[in-house]
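Have a look at the structure below, then the notes.
The values are calculated or read from the model by the stated rules, or taken from the named source; none is laboratory data. Please read these numbers as outputs of a predicted model, since none were measured by experiment. Cβ coordinates were reconstructed from backbone atoms using ideal geometry, including for glycine residues, and neighbour counts include every protein chain displayed.
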Amino acid sequence: MKALVFLAVCLPISAQWLRYPTPGIPRLADGKPNLSAPAPKTPDGKPDFSGLWMAAEGKYLPNLAADGVEVPFLPWAAALYKERQESHGMGRPSERCLTHGVTDFDALGTPIRIIQTPGMVAILYEAYNHWRQIFLDGRPLPPTVQTAYLGYSVGKWDGDTLVVDTTGFNDRGWLDDGGHPQTESLHVTERFRRSSFGHVDLQITIDDPGAYTRPWTVNLSGFNFFADSELMESICENEKDVSHMVGK
Amino acid sequence: MGSFRSIAGCVVLLSTCAPLPGQWLHYATPGIPRTPDGKPNLSAPAPKTPDGKPDLSGVWVSPGTKYFFDLTADGVEAPMLPRAAALYKERLAQLQKGHPSERCIGHGVTDYDTVPAPRRFIQTAGMIAILFESYNHYRQIFLDGRPLPKLTQPAYMGYSVGHWEGDTLVVDTTGLNEKGWLDMNGHPQTETTHITERYRRSDFGHLDLQLIIEDPNAYSKPWGISMVLNYFADEDMIENMCENEKDYPHLVGK
């Protein structure tokens, strides 16, 4: 069963990425990307996160707390998590092609493209062909008029770290494929730091008083630069899967 | 028959557009030209990028639905080859049942261009990304001089490269699959469809778009339409994840 879910959220095995040398990146004498070169800067001196990236490790998609951090569940959230675990994750939005949210897209092991302009960052996800916007123009988080899977995101600089705050979530998304619950009071803080040309560090803090007794923080393995390749189209057609899912 | 068809059209329209209760967030778009009363100055000159190219960045919306439903709405002839004409006739007779959107699969190049919902263009030196409100889908157009690649996996959005002809951005797209429909009515596309889009930002508030469809396996000669996208100031897109896989059992058709 887990294998079926895995296939439904990942690329088909036959998929082949287009090989095309990424223009303008630092390279070693043998032509390979120089992943330990310094992180690039934008013309206004901010770290530039633009480029293709992929989660460095896959273990956080099934469980954001894979490293053993304690998840301070409220009792109802603990019960729901247990039920989802016992049902093999049945009911997860992706089984009906309904996308991931912020935290599970961060943990997903398929490529993403970050596009950074002075006023915003856009993230293009290969998975589901979905996108996300992060506004950097100083606007405040708006009052929520319509809850959403990806919420509403604004970012600010803390030195070389981009700190992104997201609210406006619905309670139908799952924080990870394992089913850590979220509610409409979820506030996610992501701290992105490009430590070198080839790596982005990523720390996530989950603050959701509707589901957890206190904020909890995980240090993911971040993103590795995905050089000389490209996103391919991955429109979800796995609504066909739902009738084959098993679970309680 | 006619009333059934309009009902089916409504179902499809609801499923592909923003939900009716959807409210766009009002937030003053920073850095755009304004008239003395604070309104966006839509007739100001089109902005340029630092390297002197027209800058198409911003949120745009396609006015009206006529081309979304039927690219030939203004009477242009779609020179369909017999097989394509038969398929089109069948799709119309089936009240458009079978359109990819009924299973939340989304649109392709031409129907995203014409869909009456906002989309954001983000232009950088090497590429343009278009973020569509509908289906929360995006599209990439590479401006870095790369050639169109050999087709490895036919796709709904295909593979797009653009180049400048004066102030006009010319975008070529191939690599399309034959599962997409060019419009809601069902003008067919095949794996040999080549779409050319010619974008020209005539002033701050208007983006002219000419669409040309070329496909020797479906049409006897190239054909297309011209339309205008309008700048969508002081608003932003709202999340619109398709959940209308629930519609599927309710669609009527032969």
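Per-residue answers, yes or no, for (1) within 24 Å of the chain's Cα centre (by Cα); (2) part of a helix (DSSP H, G or I); (3) within 16 Å of B:G186 (Cβ to Cβ); (4) modelled with pLDDT under 85:
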position	(1), (2), (3), (4)
B:A8	yes, yes, yes, yes
B:L13	yes, yes, yes, yes
B:A18	yes, no, no, yes
B:L42	yes, no, no, no
B:A73	yes, no, yes, no
List the number of the failed condition for B:P30; all other conditions in (1) without any contact (Cβ under 8 Å) to a residue 12 or more places away in the chain; (2) out of contact with any Asp or Glu (no Cβ under 6 Å at 6 or more places or on another chain) hold. (2)
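Run down A:S196, A:S221, A:S185, A:S234 and say which single residue is within 14 Å of chain B (Cβ to nearest Cβ) and of a type in the set (S, T, N, Q). Spell out the reasoning first.
On the way: A:S196 fails: within 14 Å of chain B (Cβ to nearest Cβ); A:S221 fails: within 14 Å of chain B (Cβ to nearest Cβ); A:S185 fails: within 14 Å of chain B (Cβ to nearest Cβ).
Only one candidate qualifies: A:S234.
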Test: residue in region B:137-147 that is of a type in the set (G, A, S), surrounded by fewer than 16 Cβ atoms within 10 Å (Cβ to Cβ) and not in a loop (DSSP other than H, G, I, E, B): no
When both residues are 6+ apart or on different chains and their Cβ atoms are under 9 Å apart, which pairs have a first residue that lies in region B:126-142 and is free of Cβ contacts under 8 Å to residues at least 12 places away in the same chain, and a second that is buried (at least 23 other Cβ atoms within 10 Å of the Cβ) and outside any strand (DSSP E or B)? B:Y138/A:N129; B:Y138/B:M157
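Restricting to region A:65-84, name every residue that is under 24 Å from A:S221 (Cα atoms) and more than 21 Å from the chain's Cα centre (by Cα). Don't jump to the end; show me each part of the working.
Applying the first criterion (under 24 Å from A:S221 (Cα atoms)) to region A:65-84 yields A:65-73, A:81.
Within region A:65-84, A:P72, A:F73 meet the criteria.
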Just for region B:102-125: of the residues that are over 11 Å from the mean Cα position of the chain (by Cα) and more than 8 Å from chain A (Cβ to nearest Cβ), which one is farthest from A:Y125 (Cα to Cα)? B:E102
Quick check on B:Q153: is it in contact with an Asp or Glu (Cβ under 8 Å, 6 or more places away or on another chain), polar (S, T, N, Q), within 25 Å of B:S134 (Cα to Cα) and not in a strand (DSSP E or B)? yes
Kindly evaluate B:K150 against the criterion of being surrounded by fewer than 22 Cβ atoms within 10 Å (Cβ to Cβ) and without any contact (Cβ under 8 Å) to a residue 12 or more places away in the chain. yes
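Which is among the acidic types (D, E) and free of Cβ contacts under 8 Å to residues at least 60 places away in the same chain, of A:D137, A:D106?
Details: A:D106 fails: free of Cβ contacts under 8 Å to residues at least 60 places away in the same chain.
Unique residue meeting the criteria: A:D137.
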Can you tell me which residues in region B:163-179 are surrounded by fewer than 21 Cβ atoms within 10 Å (Cβ to Cβ) and small (G, A, S)? B:G166
Of the residues in region A:143-160 that are in a strand (DSSP E or B) and charged (D, E, K, R), the one that is nearest to the other protein chains (Cβ to nearest Cβ) is A:K156
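Yes/no per residue for (1) touching a residue at least 12 places away in the same chain (Cβ under 8 Å); (2) buried (at least 21 other Cβ atoms within 10 Å of the Cβ):
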| site | (1), (2) |
| --- | --- |
| A:G119 | yes, no |
| A:L124 | yes, yes |
| A:Y128 | yes, yes |
| A:W131 | no, yes |
| A:L141 | yes, no |
| A:G151 | yes, yes |
| A:D158 | yes, no |
| A:N170 | yes, no |
| A:T183 | yes, no |
Exactly one condition in (1) surrounded by fewer than 21 Cβ atoms within 10 Å (Cβ to Cβ); (2) of a type in the set (A, V, I, L, M, F, W, C); (3) closer than 27 Å to A:L150 by Cβ; (4) out of contact with any helix residue (DSSP H, G or I) (no Cβ under 6 Å at 6 or more places or on another chain) is false for B:M157; which is it? (1)
Restricted to region B:126-141 and to residues being within 9 Å of chain A (Cβ to nearest Cβ) and hydrophobic (A, V, I, L, M, F, W, C), the residue nearest to B:I105 (Cα to Cα) is B:F132
Of the residues in region B:77-111, those that are surrounded by 22 or more Cβ atoms within 10 Å (Cβ to Cβ), in a helix (DSSP H, G or I) and out of contact with any helix residue (DSSP H, G or I) (no Cβ under 7 Å at 6 or more places or on another chain) come to B:V109, B:T110
For A:R84, the lone unmet condition from (1) touching a His at 6+ places or on another chain (Cβ under 9 Å); (2) more than 14 Å from chain B (Cβ to nearest Cβ); (3) assigned to a strand (DSSP E or B) is (3)
Just one listed residue, out of A:V218, A:V200, is within 30 Å of B:G126 (Cβ to Cβ) and touching a strand residue (DSSP E or B) at 6+ places or on another chain (Cβ under 6 Å), and it is A:V200
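In this structure, is B:D51 out of contact with any strand residue (DSSP E or B) (no Cβ under 8 Å at 6 or more places or on another chain), within 14 Å of chain A (Cβ to nearest Cβ), under 29 Å from B:P30 (Cα atoms) and not aromatic (F, W, Y)? Steps first, please.
Details: out of contact with any strand residue (DSSP E or B) (no Cβ under 8 Å at 6 or more places or on another chain): yes; within 14 Å of chain A (Cβ to nearest Cβ): yes; under 29 Å from B:P30 (Cα atoms): yes; not aromatic (F, W, Y): yes.
Answer is yes for this residue.
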